[in-house]
Amino acid sequence: MLRSVTLGIVVVIAVFLAAGMSLQMQDMDKMPFGGKDDVAFAGKLWSAMKGYQDWQMASDFYPGASPHGKVLRMYYSVVSVDDKPYHVIVKENYAGEDATVESVRKSPHKYLGAVTVMLQREAGYDPDNGNWFWVKYKADGEIEKNPMGMTLAGRVAKGMDAGCIACHAHAKGNDYIFFNDE
């Protein structure tokens, strides 16, 4: 009897989860991040950033922290997406058990785990959060997904206790940028 009750509970939970996933998939365009428009913009952004490693404004490699990686490198420029100029900050995230500033400097491609980007969109995009657009790419430019399958592009984790916006909201000067904090 206990086995059939347990099985019944599992089936009910599975049905509710499946229904929730179905609703979530139908509402992807209404989500704060990961919708079709966010993914399309992120694809155009990756193309616009081609050759970012040659941008004049670039940091040296420096020690990083979770969630970005053990070693980081940052770039800044203005790029055009759909014929509109945008300020963009690119952060290369290096990982690996033996990743150090020196080892990454010698073999950056060996350790590059992800490329995270902040791009300041037009006024009205997300006024609550400085109009920042966030995206996390794999090293090859494919957009990452979180463990729930949500594409990490757009207003990533808006309104949540953790994630891009929640973390960067703590930057000094209310500018969402840590690099210029002392």
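Looking at region 119-173, which GluC sites (Glu not before Pro) are DSSP coil and have at most 12 other C-beta atoms within 10 Å of their C-beta?
Filter output for region 119-173: E122, E142.
Can you give the net charge of the other residues whose Cβ lies under 12 Å from the Cβ of G163, counting K and R as +1 and D and E as -1?
+2
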Q: Work out from phi, with θ = phi - 60° and the Karplus expression 6.51 cos²θ - 1.76 cosθ + 1.60, the ³J(HN,Hα) of each residue of region 155-162, listed in order in whole Hz, and give x for Gly and Pro.
A: 8, 4, 6, 4, x, 9, 7, 9
Q. Within a Cβ distance under 14 Å of E97, other residues only, what is the Lys/Arg minus Asp/Glu net charge?
A. +1
Q: Give me the number: length gained by fully extending A123 to S66, i.e. 0.36 nm times residue separation minus the C-alpha to C-alpha distance, one decimal in nm.
A: 17.5 nm
(Q) Straight-line reach only, C-alpha to C-alpha below 17 angstrom: list the lysines that K84 could link to, leaving out same-chain residues fewer than 8 apart. (A) K44, K50
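Where a number appears in this text, it was derived from the coordinates with a stated rule and is not lab data. Bear in mind that the values here come from a model prediction, so they are computed numbers and not experimental data. We place every Cβ from the backbone using ideal geometry, glycine too, and count neighbours over all the protein chains shown.
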